[in-house]
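Taking it in order: structure first as structure tokens, then the write-up.
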Amino acid sequence: MEITAALVKELREKSGVAMMDCKKALVECDGDLEKAFDLLRSNSALKAEKKAGRVAADGVIKAFACNTYASLVEINTETDFAAKDSSFIDFTNDVEETISNQQFDSIDSLMETGLEEKRKTLVRSIGENIQVRKIETLSFNSANVGLYVHSDSKLAAMAVLGGGDETLAKDIAMHISATSPLCLTS
């Protein structure tokens, strides 16, 4: 069977894998789209597993606060180039939306919401290790919460105050970010 550009494009759209990998899979499977998709899926899972060991040290921090909890989530990839990719940005926005809908205290519970499958798809698409690395959540009954996320989204802090107001809480969070304290005490 002839491997047309339209067939390669269809497989690319379905799998999210690079064009050349799609073409190789179609050639190997004699143009059978479903077999090629299955082949790519199995190969991509292996590639994603191999990439999981690589250091993912670039990325962003997403933050959310409401009346009962505040969360900071660190999402990393291997390079700043990938961190600027629109697909990576969309994934980080999905993470932010997820933490805004429900409180999570662990990465495992956060990823069980369907984000793990999206992360694996993104790893296959971008070709880099992507990890939701840390989550910090504070719970409270009634307080003024201040979140500060630096303009590059690589530095963030939260402050929860029993008094004052949200502006003061945000200013304190900004100062926490600026001074990088090793610990906080009462």
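Of all the residues in the stretch 128-162, those that are among the acidic types (Asp, Glu), modelled with pLDDT under 90 and surrounded by fewer than 19 Cβ atoms within 10 Å (Cβ to Cβ) number 1.
Restricting attention to the stretch 34-60, and to residues there that are among the aliphatic types (A, V, I, L, M) and open to solvent by 30 Å² or more (accessible area, probe 1.4 Å), which single residue is modelled with the highest pLDDT? Step through it out loud before you land on a result.
Residues of the stretch 34-60 among the aliphatic types (A, V, I, L, M): 36, 39-40, 45-46, 48, 52, 55-57, 60.
Keeping just the survivors that are open to solvent by 30 Å² or more (accessible area, probe 1.4 Å) gives 39, 45-46, 52, 55, 57.
Working: Leu39: 83, Ala45: 52, Leu46: 49, Ala52: 55, Val55: 59, Ala57: 71.
Filtering the stretch 34-60 for residues that are among the aliphatic types (A, V, I, L, M) and open to solvent by 30 Å² or more (accessible area, probe 1.4 Å), the one modelled with the highest pLDDT comes out as Leu39.
Across the stretch 71-93, the number of residues qualifying as under 25 Å from Gly146 (Cα atoms) and buried (at least 16 other Cβ atoms within 10 Å of the Cβ) comes to 8.
Residues in the stretch 13-30 that are crowded, with 18+ Cβ neighbours inside 10 Å and part of a helix (DSSP H, G or I): Ser15, Asp21, Cys22, Lys24, Ala25, Leu26.
Scan the stretch 167-183 and tell me whether some residue there is part of a loop (DSSP other than H, G, I, E, B) and closer than 30 Å to Glu117 by Cα. No: the stretch 167-183 contains no residue that is part of a loop (DSSP other than H, G, I, E, B) and closer than 30 Å to Glu117 by Cα.
Only a single criterion out of (1) closer than 26 Å to Ser180 by Cα; (2) at pLDDT 90 or above; (3) surrounded by fewer than 17 Cβ atoms within 10 Å (Cβ to Cβ) is not satisfied by Ala63, namely (3).
The set of residues from the stretch 128-164 being within 16 Å of the chain's Cα centre (by Cα) and part of a loop (DSSP other than H, G, I, E, B) comprises Glu128, Asn129, Asp152, Ser153, Lys154, Leu155. Scanning the stretch 94-127 for residues that are open to solvent by 40 Å² or more (accessible area, probe 1.4 Å), of a type in the set (Gly, Ala, Ser) and in a loop (DSSP other than H, G, I, E, B) turns up just one, Ser106. As a summary of the residue check, Asp165 satisfies the conditions (1) free of Cβ contacts under 8 Å to residues at least 24 places away in the same chain; (2) open to solvent by 80 Å² or more (accessible area, probe 1.4 Å) except for the one numbered (2).
The values are calculated or read from the model by the stated rules, or taken from the named source; none is laboratory data. Computed from a predicted model, the values in this text were never measured in an experiment. Reconstructed Cβ throughout: ideal geometry from the backbone, glycine too, with neighbour counts over all protein chains shown. Quick note on the areas: whole protein, heavy atoms, side chains included, nothing else; ligands and nucleic acids left out. Shrake-Rupley method; radii C 1.70, N 1.55, O 1.52, S 1.80 Å.
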